[in-house]
Amino acid sequence: MPLSLHHIVIDAHDLPGLARFWAGVLRWRILSEREREVVIGPDENAPVGICFMPVSDRKAVKNRLHLDLMSDARDREAEIERVLALGARRADVGQSGDESWVVLADPEGNEFCVVRPKRTLIA
């Protein structure tokens, strides 16, 4: 059987807090909450979820891996505002301002993008 993606793992200081933030952003739910691991997903049978694990050091540099989130073009600005109201902030990672995406950071500083809708993975 070939490998498949199971979880995206995010290191966090405040596991439940960051899990609640991301569950709100994605409109997912907390599936499992333990002292050293919190898992969120759309449901317990979903093929991929996000797992939050504890870390002691603070984030110091730009992520080497980040999430790209997509919304319907008509709702994009409203979704960005909704995510900002959940605790995200705008982030500057050197963009020029002409990009087709908006860079945000979660409450612990992990960058992610809200991208324009696209029809394929390579467009």
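The values are calculated or read from the model by the stated rules, or taken from the named source; none is laboratory data. For clarity, every value in this text was computed on a predicted model and none was experimentally measured. FYI the Cβ positions are ideal-geometry reconstructions off the backbone, even for glycines, and counts take in every protein chain you see.
Taken over the range 101-123, residues that are small (Gly, Ala, Ser) and modelled with pLDDT of 85 or more amount to 2. Taking the conditions exactly as written (within 14 Å of Phe112 (Cα to Cα), touching a Lys or Arg at 6+ places or on another chain (Cβ under 9 Å) and of a type outside the set (Lys, Arg)), does Trp101 satisfy them or not? When the stated conditions are applied, Trp101 passes them.
No other residue among Val9, Val61 is outside the structural domain of Arg82 (by TED's automatic domain parsing), modelled with pLDDT under 95 and β-branched (Val, Ile, Thr) apart from Val61.
Listed here are the residues, each with its yes/no results for (1) among the aliphatic types (A, V, I, L, M); (2) surrounded by 14 or more Cβ atoms within 10 Å (Cβ to Cβ).
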site	(1), (2)
Pro2	no, no
Asp11	no, yes
Leu18	yes, yes
Trp22	no, yes
Ile30	yes, yes
Arg34	no, no
Glu37	no, yes
Asn45	no, no
Cys51	no, yes
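Considered as a group, the residues in the range 73-90 that are assigned to a helix (DSSP H, G or I) and among the basic types (Lys, Arg) include one that is nearest to Val103 (Cα to Cα), and that residue is Arg76.
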